[in-house]
Amino acid sequence: MTTLTQLPDDYVQNPHEVHDMLRAEGPVQEVRMPRGLKVWLVTRYDEAKIALTDPRVSKNVVEGGRLMQVHSTDPAAGRVLDDSLAEHMLNMDPPHHTRLRKLVTKAFTARRVEKMRPRVEEISAELIARLNDGDVVDLLEVFAFPLPITVICELLGIPIDNRDEFREWSNQLLTFGTTEEVQAAGAAMAGFLYQHVTKVQAAEPDDTFFSALVHATDSGDSLSTEELVSMAFLLLVAGHETTVNLIGNAVFALLNNPEQLQILKDKPELIPASTEEFLRLEGPINVATFRYTKEPLELGDVTVPADEILMVSLVAANRDPERYENPDQLDVTRSAQGHVAFGHGIHFCLGAPLARLEFDVALTQLLARFPNLTLAAEPETLAWRDSTLIRGLHTLPVRLA
């Protein structure tokens, strides 16, 4: 008989301490999340990889959405996004997921991503050129956010003028907003993206990424308007949120570990490989997106019953001492391969190559221009965003030097 653990209200401010406690007790624990949802939370590495790939676990949010109300004390639980935003790959199982992934992969090739490097370097350099020695700025606001949102807007062919709207909508959808706020943000984003998709559909195909996605075919199959709207939403939100928080979390970690910062300043050629350590230590996603058990599932010596919400903490799995030595320490020379910051299995993040590229460019240029960058606030005064999904700071005040 398991004991239901109530996660503390400030869980998002210090999840690592909570994960350490849970991991010591077993690979998966029945817990109640801060907003009242009862889930089974996976915190160990080996079991996380099983939970992310086992066919007895479903991501079908349409069929499993009812469990949100069954297992929650919150009357607002189970609220769903506008349908046109929810019907994307992350909310589907095979064969529907397989079909969508195959079509999107045709447009999102490694070659197309690498071709973006000069433009990413150009955008990063333009942002850095606006900054001056001695300035105290919010690095998220002036650099970590505008870089990836500019890249993803260009990728999707969306006017950059709309980026502040997207940020506001994304914040409402990914943090603990009210039902009204979430629905309003979802409706606004769905309306905008529908107009954008229909415009691209009506235009002649060209060599841009989103045009390739709109016109991608496989044996006569193509994405419907509704699927394209949902896919654009997924790419837009995941495409900037992941990199914003990867950059922010990494710089925060470096400024708290000056000896590690010095290593990268002395040997900037280590930055591309160090990306994996930053992803492992404080990845941009804490608890992975919705899953539930279709059948009983054995994780270690624990059996999770059918019809239970199964949540996998990627952050916790990446700090499992059975997988990584001294897991709470930043070591930019560590071989952190095998981490699950981008997920695992068929739902592995399609945009991982782009996030890695953006991070490599961003950190390389930032440290080259401002090698004596310092925190402009006491670390303990900085707050993390109110979300169990996103792991990122509200602000990152730094002094440029």
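For region 308-330, a residue qualifies if it is in contact with a helix residue (DSSP H, G or I) (Cβ under 6 Å, 6 or more places away or on another chain) and either farther than 18 Å from Pro15 by Cβ or assigned to a loop (DSSP other than H, G, I, E, B) (or both), and the qualifying residues are Asn318, Asp320, Arg323, Leu330.
What do you reckon, is Ala107 surrounded by fewer than 16 Cβ atoms within 10 Å (Cβ to Cβ), at pLDDT below 90 and farther than 23 Å from Arg167 by Cβ?
no
Only a single criterion out of (1) loosely packed, with under 14 Cβ neighbours inside 10 Å; (2) in contact with a Pro (Cβ under 6 Å, 6 or more places away or on another chain); (3) acidic (Asp, Glu) is not satisfied by Glu126, namely (2).
Quick check on region 333-342: of everything there that is of a type in the set (Gly, Ala, Ser) and either surrounded by fewer than 18 Cβ atoms within 10 Å (Cβ to Cβ) or part of a helix (DSSP H, G or I) (or both), which residue is farthest from the chain's Cα centre (by Cα)?
The qualifying residue farthest from the chain's Cα centre (by Cα) is Ser335.
The residue of region 248-260 that is farthest from Val361 (Cα to Cα), among those that are out of contact with any strand residue (DSSP E or B) (no Cβ under 9 Å at 6 or more places or on another chain) and in contact (Cβ under 8 Å) with a residue 60 or more places away in the chain, is Asn257. Among the numbered conditions (1) farther than 30 Å from Val12 by Cβ; (2) surrounded by fewer than 15 Cβ atoms within 10 Å (Cβ to Cβ); (3) touching a residue at least 60 places away in the same chain (Cβ under 8 Å), the only one that Glu141 does not meet is (1).
The set of residues in region 73-103 being modelled with pLDDT of 85 or more and either under 20 Å from the mean Cα position of the chain (by Cα) or of a type in the set (S, T, N, Q) (or both) consists of Met89, Leu90, Asn91, Met92, Asp93, His97, Thr98, Leu100, Arg101.
For region 15-48, taking the residues that are in contact with a Phe, Trp or Tyr (Cβ under 7 Å, 6 or more places away or on another chain) and under 19 Å from Ala341 (Cα atoms), the one that is surrounded by the fewest Cβ atoms within 10 Å (Cβ to Cβ) is identified as Val18.
Out of curiosity, is Thr303 of a type in the set (Ser, Thr, Tyr) and at pLDDT below 95? Considered against the rule, which asks whether it is of a type in the set (Ser, Thr, Tyr) and at pLDDT below 95, Thr303 comes out as no. Residue count for region 343-390 satisfying the condition of being in a helix (DSSP H, G or I), of a type in the set (Val, Ile, Thr) and touching a residue at least 24 places away in the same chain (Cβ under 8 Å): 3.
You will find that of Leu310, Leu314, Leu330, the residue that is over 21 Å from Ala273 (Cα atoms) and either aliphatic (A, V, I, L, M) or surrounded by fewer than 21 Cβ atoms within 10 Å (Cβ to Cβ) (or both) is Leu310 and no other. In region 274-307, the residue that is surrounded by the fewest Cβ atoms within 10 Å (Cβ to Cβ) out of those that are within 28 Å of Met92 (Cβ to Cβ) and hydroxyl-bearing (Ser, Thr, Tyr) is Thr303. For region 174-205, the set of residues classified as farther than 20 Å from Leu156 by Cα and either crowded, with 20+ Cβ neighbours inside 10 Å or touching a strand residue (DSSP E or B) at 6+ places or on another chain (Cβ under 9 Å) (or both) consists of Leu174, Thr175, Val182, listed by residue number. Residues in region 344-362 include none that are closer than 25 Å to Arg291 by Cα, in contact with a helix residue (DSSP H, G or I) (Cβ under 8 Å, 6 or more places away or on another chain) and aromatic (Phe, Trp, Tyr). Reported count of residues in region 350-370, each being under 18 Å from the mean Cα position of the chain (by Cα) and surrounded by fewer than 18 Cβ atoms within 10 Å (Cβ to Cβ), is 2.
The values are calculated or read from the model by the stated rules, or taken from the named source; none is laboratory data. Nothing here was measured: the structure is a model prediction, and the numbers come from that model. Ideal geometry is used to build each Cβ from the backbone, glycine not excepted, and the neighbour counts take in all protein chains shown.
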